[in-house]
1. For region 79-90, give me each residue that is open to solvent by 60 Å² or more (accessible area, probe 1.4 Å) and touching a strand residue (DSSP E or B) at 6+ places or on another chain (Cβ under 6 Å).
2. Only residues that are more than 27 Å from Gly32 (Cβ to Cβ) and of a type in the set (Phe, Trp, Tyr): list them for region 55-81, please.
3. Among the residues of region 84-103, write down those that are of a type in the set (Gly, Ala, Ser) and either touching a residue at least 40 places away in the same chain (Cβ under 8 Å) or over 21 Å from Cys42 (Cβ atoms) (or both).
4. Would you mind stating whether Asn63 is open to solvent by 40 Å² or more (accessible area, probe 1.4 Å), within 21 Å of Val8 (Cβ to Cβ) and touching an Asp or Glu at 6+ places or on another chain (Cβ under 6 Å)?
5. Does Lys44 satisfy being within 21 Å of Lys116 (Cβ to Cβ), crowded, with 19+ Cβ neighbours inside 10 Å and among the basic types (Lys, Arg)?
6. Within region 139-149, take every residue that is of a type outside the set (A, V, I, L, M, F, W, C) and out of contact with any Lys or Arg (no Cβ under 6 Å at 6 or more places or on another chain) and give me the one that is least open to solvent (accessible area, probe 1.4 Å).
7. Sort through Asn67, Asn63, Asn89 and tell me the only one that's of a type in the set (S, T, N, Q) and at pLDDT below 95.
8. Just the residues that are part of a strand (DSSP E or B) and open to solvent by 90 Å² or more (accessible area, probe 1.4 Å), please, taken from region 117-134.
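The values are calculated or read from the model by the stated rules, or taken from the named source; none is laboratory data. All values reported here derive from a predicted model rather than from experimental measurement. Reconstructed Cβ throughout: ideal geometry from the backbone, glycine too, with neighbour counts over all protein chains shown. We work out accessible area using only protein heavy atoms, side chains counted, and drop any ligands, DNA or RNA first. Shrake-Rupley method; radii C 1.70, N 1.55, O 1.52, S 1.80 Å.
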Amino acid sequence: MKAVIQRVTQASVTVDNNITGQIGHGFLILLGAGSGDTEADCEKLAEKISKLRIFSDENDKINLSVNDINGDILVVSQFTLYADCRKGNRPSFINACPPAKAEELYEYFMKCLQGKINGKIEHGVFGADMKVSLLNDGPFTVVLNCENGEII
C-alpha cells in the first residue's frame, strides 16, 4: 500500500462539479492499494499517519502531528501510484490491486483513521474521475509504503 501525504492549508475533491470532500489545515492523502495489500497494511498506515509529526510547533520545529494541530484529513484513492514505467512509455498497472478489493481496503483505511484522528475525515469517490485542489503547505510531502503490515 502506498500513501502520498501532503501537508495542506486547504484541499478539496470534486466529482461532476460537486465537492465530495473538503478540509482546511491537515493532510491530503493519495492512497493506492497494491495486489498483495491487506487490512494489516491499512492499520499500520493509519497508525503511522496519525502520529506523523510534520507540523511546526511554537518554536518552528517540525514536531506536531495532525491531532496536535486539530487538523483534518482528505483521502483520495489513486491506483496510479502503482504505475510501472520501466518498459516503454505507457505505464502498466499490473501491480495495482483489483478494483473491488482496492475499494474495500480504501474504505477500511478510512475506518482505521476514524479511531485515531480527532479532526474530520473527508474523501473522494472511489473509481470516479476526480478533480483535486490543494494548497500545499511548505510544500511538505511524505511518501509511505507498507507491505506485509510493515512500513518499508
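1. Selection gives Phe79 alone.
2. none
3. Gly88, Ser92, Ala96, Ala102
4. When the stated conditions are applied, Asn63 passes them.
5. So Lys44 fits the description; yes.
6. Going through region 139-149, the residues of a type outside the set (A, V, I, L, M, F, W, C) turn out to be 139, 141, 145, 147-149.
Next, from what is left, pick out any that are out of contact with any Lys or Arg (no Cβ under 6 Å at 6 or more places or on another chain): 139, 141, 147-148.
Numbers: Pro139: 106, Thr141: 71, Glu147: 100, Asn148: 137 Å².
Filtering first and then ranking leaves Thr141.
7. On the way: Asn67 fails: at pLDDT below 95; Asn63 fails: at pLDDT below 95.
Going through Asn67, Asn63, Asn89 in turn, just one is of a type in the set (S, T, N, Q) and at pLDDT below 95: Asn89.
8. Residue satisfying the conditions is Lys131 alone.
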